[in-house]
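Working notes for the structure below.
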Amino acid sequence: MSSSDGHAANAHLAHHFDTIERQDYAVRLGMWLFLATEVLLFAGLFLGYTVYRHFYHEAFHEASRHLDLWAGATNTVVLITSSLSVALAYWAIKQDKQKLCAGLLVFTIACALVFLAIKAIEYHHKFEEGALPGAWYHYSEVTAPGANLYYTIYFLSTGLHAIHVIVGMSILIWVLARVLKGHFSSTYFVPVELGGLYWHLVDLVWIFLFPLLYLI
Amino acid sequence: MAEITENRGPNAVHADAHAHGPGRYFVVWILLLIFTGTTVITGRMDLGDFNIVLALVIASVKAALVVLFFMHMTEAAGTNRLIFVVSVIFTIVMMTGVFGDLLTRNPMTLPTGNPPVQIQAE
């Protein structure tokens, strides 16, 4: 039961943890703490949105009608599907199905790229129309007071979300590389689990951004 | 089996993590797609103030599905559940506090800056 025996038996056990159970517990706790800070980060942006929507209700309503609903809806389906595939990848690695896990991760990463491509097309349209944040706003179709704020919040919140998509995708690429090297199995899969958790958070944020920005 | 047990957390609740197959993920995925379709269809209907309520209720149900099943909150350790729930409670406290302020202010102090005469005219 001495700690040195445990470390000899498991290469993944860091020297400052006595057992792998304690390490896994700490790692998961740290991840959920981080996810809580992410929830609060986006909560600040949602608060800004609801406050200005309250004051400029008509302008926000009108401006939201100038977003591409089908681009937003397609991206919602893409992210929900990628959440499914990353959940399945987690299930696969626990069954020692490394190839299936790698395939599902590739699919998830492809979904992330599709999401970013659709987002880039949307941004490009907004840039051409002049529906830009802050002082750069010169969109002639929505001139009501507050429309400028709508597009500022639109770019800030979807931009921050897009950064999270890029970070999440990068983490999944790193996880995929390690899966391909055979680092994970039914006995050690915590990095797959945590990478998946981060990806689900990206999905979670979009689940709220989509109706708030595109629908109401 | 001893190897699998090794990877489980110290909490008994986590032991169920390996019990179910991938079927439940597909069920959750289909539910999420149905809710997405519902929110797109109802979102562009003119339901007045009910629009935002319905959109937020659907989004919250979708979020709950993702957190509970995709993120395995149902199997997570109690501490981790507590942390996530607290972050949601803090968000609600922040929203309530800010709107408690905004909705009870003198209209003249609001960013929209309506002068009192205009308020009376409404």
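Tabulated data for the structure shown
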quantity: Solvent exposure of chain A as accessible area per residue, Å², 1.4 Å probe; calculated: 41
quantity: Mean ellipticity per residue at 222 nm, deg cm²/dmol - from DSSP H runs of n ≥ 4 across chain A, formula -39500 (n - 2.57); calculated: -26500 deg cm²/dmol
quantity: Between the stretch A:120-144 and the stretch A:185-201, the alpha-carbon center distance in angstrom; calculated: 39
quantity: Residue among B:Val85, A:Trp199, A:His125 farthest towards the positive dipole end of the protein assembly as shown, charges placed on Cβ; calculated: A:Trp199
quantity: Kirkwood Rh (inverse of mean 1/r, distinct Cα pairs), the protein assembly as shown, angstrom; calculated: 21.8
quantity: Solvent-accessible ranking of A:Ser140, A:Ser85, largest area first, probe 1.4 Å; calculated: A:Ser140, A:Ser85
quantity: Alpha-carbon Rg/Rh ratio, for the stretch B:21-71, with Rh computed the Kirkwood way; calculated: 1.07
quantity: Taking the stretch A:38-215 and dividing mean pair separation by its residue count, relative contact order in percent (alpha carbons under 8 Å, at least six apart); calculated: 35
quantity: Within chain A: Cβ-based charge dipole about Cα centre, in debye rounded to nearest 20 (Lys, Arg +1; Asp, Glu -1); calculated: 420
quantity: Shielding by partners - mean other protein chain Cβ count within 10 Å, residues of B:78-91; calculated: 4
quantity: Accessible area, probe 1.4 Å, largest first, for residues B:Phe90, A:Phe189, B:Phe99; calculated: B:Phe90, B:Phe99, A:Phe189
quantity: Residue among A:Trp174, A:Thr158, B:Pro107 farthest towards the positive dipole end of the protein assembly as shown, charges placed on Cβ; calculated: A:Trp174
quantity: When the stretch A:1-152 is reduced to its Cα atoms, the Kirkwood hydrodynamic radius in Å; calculated: 19.7
quantity: Sulfur and carbon atoms: percent of accessible area, chain A [1.4 Å]; calculated: 68
quantity: Accessible area buried, both sides summed, chains A and B with 1.4 Å probe, Å²; calculated: 5100
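The values are calculated or read from the model by the stated rules, or taken from the named source; none is laboratory data. Please read these numbers as outputs of a predicted model, since none were measured by experiment. All Cβ positions, even for glycine, are placed from backbone atoms using ideal geometry, and neighbour counts span all protein chains on display. The accessibility values were calculated without ligands, DNA or RNA, using every heavy atom of the protein model including side chains. Shrake-Rupley method; radii C 1.70, N 1.55, O 1.52, S 1.80 Å.
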